[in-house]
Amino acid sequence: MTRRRMAAIGLSVLAFFAIAWRTARSVQAGGITKEEILQIDEERNQALQKGDIPTLERIYSDDLVYTNASGAILSKAEHLAELKKRTLHFVSFVHEDVQVTIHGDAAFLTGISKSKVEYRGEVSTANRRFLNVFMKKGAQWQCVAHMEANLSAKP
């Protein structure tokens, strides 16, 4: 092989890796970060405690699947109706062991909720494992699914 051909191949390989590196950096810069998902979830948490329905209407997808700790599956309208009527009232809660996993246009947030919740007149202080699924819809990330399950005293 001639020196010219070797130099051309070397430059081509170098150019390929430079383009690949640049593309990877731009994908990271344009993608959502774990901090953004944590922020949107904290906004949801605050809205739940305050009964801020307009904020929840924006954060929740119209096709939300909300599964509460008793196993009932609620639509967005049903879940928000419970909050409006105060049949569901989040007195307080703290989330622990929160983790975010991102897969393309989907983000999965898990954790343990230590909360005091009043539901249909009964107060519960059980710890709950939860999962929130966020999807990118247009330019906005929305919660499309929520599921929680009571934890036993001994995990």
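The values are calculated or read from the model by the stated rules, or taken from the named source; none is laboratory data. Just so you know, these numbers come straight off a predicted model, no measurement behind them. Cβ sites come from the backbone with ideal geometry, for glycine too, and all protein chains shown count toward neighbours.
Couple of notes before you dig in:
- Residues of region 73-129 classified as part of a strand (DSSP E or B) and free of Cβ contacts under 8 Å to residues at least 24 places away in the same chain, total: 13
- Residues that are modelled with pLDDT of 95 or more, in a helix (DSSP H, G or I) and either of a type in the set (Lys, Arg) or in contact with a strand residue (DSSP E or B) (Cβ under 7 Å, 6 or more places away or on another chain) (or both) within region 45-72 comprise Arg58, Ile59, listed in sequence order.
- Region 112-136: number of residues that are of a type in the set (Gly, Ala, Ser) and within 16 Å of Tyr66 (Cα to Cα): 1
- Test: residue in region 81-93 that is touching a Leu at 6+ places or on another chain (Cβ under 6 Å) and more than 15 Å from Leu131 (Cβ to Cβ): yes
- Scanning region 139-151 turns up one or more residues that are in a loop (DSSP other than H, G, I, E, B), modelled with pLDDT under 85 and either buried (at least 17 other Cβ atoms within 10 Å of the Cβ) or among the hydrophobic types (A, V, I, L, M, F, W, C) (or both).
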